[in-house]
Amino acid sequence: MERLEGMIKDRTAVIGVVGLGYVGLPLATIFASKGFTVIGADIKTDVVDKINRGESPINEPGLGEILSTVVNGKRLTATTDGAKAVRAADILFLVVQTPITKDKEPDLSNFKAAWTTVSENLSPGKLLVSESTIPPGTMKGVVAPILESSGLLAGRDFHLAYSPERAIPTRTLIEMQENGRVVGGFTDTGAELAALAYSQITSGAITKVDIETAEMVKVIENAYRDVNIAFANEIAMLCEKRGVDASQVIDLANKHPRVNIHSPGPGVGGHCIPKDPHFLLHSARECGIELKLISTARRINESMPEHILRLIKKSLHDSNKDPRTAKVSIMGIAYKGNTDDSRNSPAEPIVRGLMAEHFNVISHDPYVSRDFGGAFSNDINHVLEDSDCVVFVADHDDYRDIDLKKFKGAINPTCVVVDSRRLFDPRSFDGEMIKYVGLGR
């Protein structure tokens, strides 16, 4: 322990990061910016090539500039050879995606494959840390046995820890360096070393716990958010029927000092919230427990794209527009504002649902460069031109700051605006032939 502790403190420890995506790449870049030598590994050749040119493959504010500096300064290199990164690292962070199957069960195949590579190239004295979100019990029940198949023992020959990331896209660099950390150790020594490593990059408080507690913390954080959003979505649907504005209701309710209701929306996207509650549900089933609230919240949020589809179709019908010929413009492919991350985006079932009924659909996004099979353009003027129905799905600042005068001039004068993110004040459309339909209103 003393040797590795000294290397962390004087920043001579080599940092390895397996998985250079939305979490792994910022993590690697920050460690390199603090003076550590970092080797990152990813299976995608195009990602590795861009990183080694000092170019960021993801859209994250500030990342490109720092990445260019640390790559040019020889502090960060990337490789497709995961074994090489394992052998070179004194401290290895594994940040591999852990999706769910079609049956909504944890899919740990890539996660286990990555740990197998670590096991096959493991040598004594290393600190191994996982940041991938996993069902509680996975580090002890799955990861440790894989690693110990090398003949080395966790806690004796190498150190093992788990620390879930708590950063969101568009604020990843800031939050990784300011947010508090929960660090779980296979042993107390593993937790101490991992906490020391994280203290080199964050000013936030670091809490050391046992490894399964840390695993549980991550999944309940996102399950809580999912439940809160589901509550907001149910309130929004009730308000639509009662003729009350849910946005105003929630804003006023949140003025109570002990109330914090999230905002309703077209669905929950990204790689965490749509998935992590299923890890908790899986864990509960293993224990013979049914988590009714969490499973119900998931169903509510998964149903929201269908609710938006109903709003679109009803609004077109009420405006006497033929859905077979009406131009429907989908604004936002990313799952949230100001990011290029379209994983589990609610835009996908909305676009695919419209296409299945042969609507004339075209989509726009200022950050994403692809659609889910329909017509797409990054040219907002082209997408809005003569549109009969504009549907705001992502809350990009580009949309919040849109020039409403130009916007109204581009679309069909009798256009329907379906605002699933409540980006606009409904009064902005008073006195216009444009029909404004806001979620929860």
- [ ] Could you please find all residues in region 23-50 being β-branched (Val, Ile, Thr), more than 15 Å from Tyr198 (Cα to Cα) and in contact with a helix residue (DSSP H, G or I) (Cβ under 7 Å, 6 or more places away or on another chain)?
- [x] Ile39
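I'd like to verify a number: residues in region 229-246 that are assigned to a helix (DSSP H, G or I) and either among the basic types (Lys, Arg) or free of Cβ contacts under 8 Å to residues at least 12 places away in the same chain (or both), how many? Quick ask: steps written out before the conclusion?
Taking region 229-246 and keeping what is assigned to a helix (DSSP H, G or I), we get 229-242, 246.
Restricting the remaining residues to those that are either among the basic types (Lys, Arg) or free of Cβ contacts under 8 Å to residues at least 12 places away in the same chain (or both) gives 238, 241-242.
Looking only at that region, the number is 3.
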Open item on the list: Conditions first: (1) under 19 Å from Gly440 (Cα atoms); (2) in contact with a Ser or Thr (Cβ under 7 Å, 6 or more places away or on another chain). Met304 passes all but one, so which condition is the exception?
Closed with: (2)
- [ ] Pairs only if they're at least six apart or on different chains, beta carbon under 7 angstrom, first in region 348-360 and crowded, with 18+ Cβ neighbours inside 10 Å, second hydroxyl-bearing (Ser, Thr, Tyr) and not in a helix (DSSP H, G or I); list them, first residue then second.
- [x] Val351/Ser363; Asn360/Thr325
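Hey, among Glu60, Glu120, Glu105, which residue is of a type in the set (D, E, K, R) and touching a Ser or Thr at 6+ places or on another chain (Cβ under 6 Å)? Outline the logic, then answer.
On the way: Glu120 fails: touching a Ser or Thr at 6+ places or on another chain (Cβ under 6 Å); Glu105 fails: touching a Ser or Thr at 6+ places or on another chain (Cβ under 6 Å).
Just a single option satisfies the conditions, and that option is Glu60.
Given the criterion under 23 Å from Asp379 (Cα atoms), assigned to a helix (DSSP H, G or I) and in contact with a Leu (Cβ under 9 Å, 6 or more places away or on another chain), identify the matching residue among Leu354, Leu311, Leu281. Don't jump to the end; show me each part of the working.
On the way: Leu311 fails: under 23 Å from Asp379 (Cα atoms); Leu281 fails: under 23 Å from Asp379 (Cα atoms).
From the options Leu354, Leu311, Leu281, the qualifying one is Leu354.
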Open item on the list: Scan region 144-166 and tell me whether some residue there is at pLDDT below 95 and either in contact with a Leu (Cβ under 9 Å, 6 or more places away or on another chain) or more than 28 Å from Ser56 (Cα to Cα) (or both).
Closed with: yes
Task: Residue under evaluation Asp341, criteria (1) modelled with pLDDT of 95 or more; (2) surrounded by 21 or more Cβ atoms within 10 Å (Cβ to Cβ); (3) of a type outside the set (S, T, N, Q); (4) in a loop (DSSP other than H, G, I, E, B), criterion not met - done: (1)
- [ ] Search region 13-29 for residues being touching a Gly at 6+ places or on another chain (Cβ under 8 Å) and either polar (S, T, N, Q) or outside any helix (DSSP H, G or I) (or both), and hand back the single one that is surrounded by the most Cβ atoms within 10 Å (Cβ to Cβ).
- [x] Val17
Task: Filter pass, Val219 being crowded, with 20+ Cβ neighbours inside 10 Å, of a type in the set (Val, Ile, Thr) and not in a strand (DSSP E or B) - done: yes
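Residue-by-condition table, conditions (1) free of Cβ contacts under 8 Å to residues at least 24 places away in the same chain; (2) assigned by TED's automatic domain parsing to the domain that holds Ala114; (3) in contact with a helix residue (DSSP H, G or I) (Cβ under 7 Å, 6 or more places away or on another chain):
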| position | (1), (2), (3) |
| --- | --- |
| Gly155 | no, yes, yes |
| Leu160 | no, yes, yes |
| Gln177 | no, yes, yes |
| Asp188 | yes, yes, no |
| Lys208 | no, yes, yes |
| Ala214 | no, yes, no |
| Val227 | no, no, yes |
| Gln248 | yes, no, no |
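Do the conditions hold for Asp322, that is, is it among the acidic types (Asp, Glu), surrounded by fewer than 22 Cβ atoms within 10 Å (Cβ to Cβ) and assigned to a loop (DSSP other than H, G, I, E, B)? Let's see the steps before the verdict.
On the way: among the acidic types (Asp, Glu): yes; surrounded by fewer than 22 Cβ atoms within 10 Å (Cβ to Cβ): yes; assigned to a loop (DSSP other than H, G, I, E, B): yes.
Answer is yes for this residue.
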Open item on the list: Just checking, does region 278-293 include any residue being under 21 Å from Thr98 (Cα atoms), within 17 Å of the chain's Cα centre (by Cα) and of a type in the set (A, V, I, L, M)?
Closed with: no
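The values are calculated or read from the model by the stated rules, or taken from the named source; none is laboratory data. Please read these numbers as outputs of a predicted model, since none were measured by experiment. When we count neighbours, we look across all protein chains shown, and the Cβ atoms used for this are built from the backbone with ideal geometry, even at glycine.
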